[in-house]
Each structure stands twice: as C-alpha cells, then as structure tokens.
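J.: Sharing a structure with you now.
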Amino acid sequence: MEFKFCPLTKNYALAILAWQYPAPYDVYNFKENNLQADLPYLLEPQHAFFAILNQQGELEGYCSFGSDGRVPGGDYSEPALDIGMGIKPDLIGQGNGKHYAMAVARYGIQRYQATQLRVTIAGFNQRAQRVWQSLEFQTVELFYKTGSREKFIVMVRCNTMSKPFS
C-alpha cells in the first residue's frame, strides 16, 4: 500500500471532524460543539497535521508530528518526533494499521530527519499497541493522564536512519 501526504486542508479537516468511531474508540471522536476550536487547531501549521491519501487521492486518514501527539502526564524529556494518527472509521479493523503506521513513520523520518520516533497510545487501545510493536517500537512508559484515570503507554523506536522498517 502506498500513500501520499499533504498538509491538511479545510475540506479534509471538516471530513475528519465528522468521523464517528464505534465504542470503545469513540473517545477519538471530535465533539460537535467544539468545531469552532477544533477546525483552526487542525489547520494551524505549528500542529503539523497532514492528510493521508490513497493513490486515487482519497482521504484515508491523518497524522500529526510534534506536540499534538503528547498527552499531559507523560515524560517527553527525551528528544523524539512525536506521532499522532487517525484512520477513517470504516477502514479500521481490517488489518492495514501496520501499513498506515509504517507510511506515517517513514514520512516523519523523511520530512523531519528524525532519528527517534515516539507514539503515545491509550492503554485500552491494544490494536494500536500491536501495530506499533510490529514496527519495533518499545514501551518506555506507562502513566495516567494528568487529572484523569485514563492510562497511556509511550512507545519509542530509535535509530530510524540505520534500521529500515520491514
């Protein structure tokens, strides 16, 4: 599977804001009443959101690089490129997560010359944990989100320039 990446446009952002995931993944749904804040956030260049497009140019997901991929309460003192990612709801659970994650990781390495990548994943999201583990990411931290009982896992992959993805 090959994907194209481009900065998030308003049309792509509006499509993503309308996505609705089934439980328990509904925690990733954007809130309807927060559109006025979420749309500018997704389009702000400093948050580094990109559309993931298939070869036909259709939106299949999005990713972000940098602070958006961090969760309050985690230890982000070590330098690494933080990755956030979301896939269109009707495309999840089909066994293609590794392809999306690998493409996003490769794009991040290429664009930002990253030598270390980091993802923060909700503790309940075992599918995402398995995907990143399959790409040789290692768990380095378990923590609870600040002011919450939500558990998160931080995973890291080092030496990205010398260790290609398989």
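J.: Less than 19 Å apart at the alpha-carbon level, and either on another chain or at least 8 residues along: which lysines does that give for K88?
T.: Filter leaves K4, K10, K31, K98.
J.: Once the Cα gyration tensor of segment 88-166 is found, what semi-axes does its equivalent ellipsoid get, as square roots of 5 times the eigenvalues, in whole Å, sorted largest first?
T.: Semi-axes, largest first: 22, 17, 11 Å.
J.: Once you put a point 7 Å from the Cα of E141 and another 7 Å from the Cα of R127, both along the Cβ direction, what distance in nm separates them?
T.: The modelled label-to-label distance comes out at 2.7 nm.
J.: For H99, H47, what ranking results if the residue with the fewest other Cβ atoms within 10 Å of its Cβ goes first? Walk me through the numbers before you get to the answer.
T.: Working: H99 13, H47 17.
With the sparsest Cβ surroundings first, the list reads H99, H47.
J.: Relative to the Cα centre, what is the charge dipole magnitude of segment 75-166, using +1 at the beta carbon of each Lys and Arg, -1 at the beta carbon of each Asp and Glu, and rounding to the nearest 20 debye?
T.: With only Lys, Arg, Asp and Glu charged at Cβ, the dipole is about 220 debye.
J.: Putting +1 on Lys and Arg Cβ atoms and -1 on Asp and Glu Cβ atoms, find which of L39, G123, Y28 reaches farthest to the positive end of the dipole of segment 13-162.
T.: G123
J.: Another question, then. Write out the trypsin sites (Lys or Arg not before Pro) in segment 1-63 meeting two conditions: DSSP loop, and at most 11 other Cβ atoms within 10 Å of their Cβ.
T.: K31
J.: So which aspartates and glutamates can K145 reach, going by Cα to Cα under 14 Å and dropping same-chain residues fewer than 8 places off?
T.: Answer for K145, where 14 Å is the Cα cut-off: D75, listed by chain and number.
J.: A further question on this structure: Let's see if you can work this out: charge +1 on each Lys and Arg Cβ, -1 on each Asp and Glu Cβ, no other charges. What is the dipole magnitude of segment 2-72 about its Cα centre, in debye to the nearest 20?
T.: It comes to approximately 120 debye.
J.: Can I ask one more? Which of C63, C6 comes first, and how do the rest follow, when ranked by fewest Cβ neighbours within 10 Å?
T.: Placing the least packed residue first, the sequence is C6, C63.
J.: In addition: Label points 7 Å out from Cα along the Cβ direction at S148 and Q20: separation in nm?
T.: With each label point 7 Å from Cα toward Cβ, the separation is 2.2 nm.
J.: Taking every DSSP beta bridge with both residues inside the chain, roughly what % is antiparallel (nearest 5)?
T.: Looking only at bridges with both residues in the chain, the antiparallel portion is about 90 percent.
J.: Give the relative contact order (percent, whole number) for the chain; include only Cα pairs under 8 Å separated by 6+ residues.
T.: 19
J.: Still on this model: Among the lysines, select those whose C-alpha is under 18 Å from the C-alpha of K151, and discard any that sit fewer than 8 residues away in the same chain.
T.: Partners within reach: none.
J.: Rounding to the nearest 20 debye, state how big the charge dipole of the chain is about its Cα centre with +1 on each Lys and Arg Cβ and -1 on each Asp and Glu Cβ.
T.: 300
J.: Quick check: net charge around A101, other residues with Cβ under 12 Å of its Cβ, Lys/Arg +1 and Asp/Glu -1?
T.: +4
J.: Taking 0.36 nm per intervening residue step and subtracting the Cα-Cα distance, what contour gain separates Q110 from N159 on full extension?
T.: 16.3 nm
Only the coordinates and a few stated rules stand behind these numbers; no lab work does. The structure displayed is predicted, hence computed values, not measured ones. Here Cβ is always computed from backbone atoms with ideal geometry, including for glycine, and neighbour counts include all displayed protein chains.
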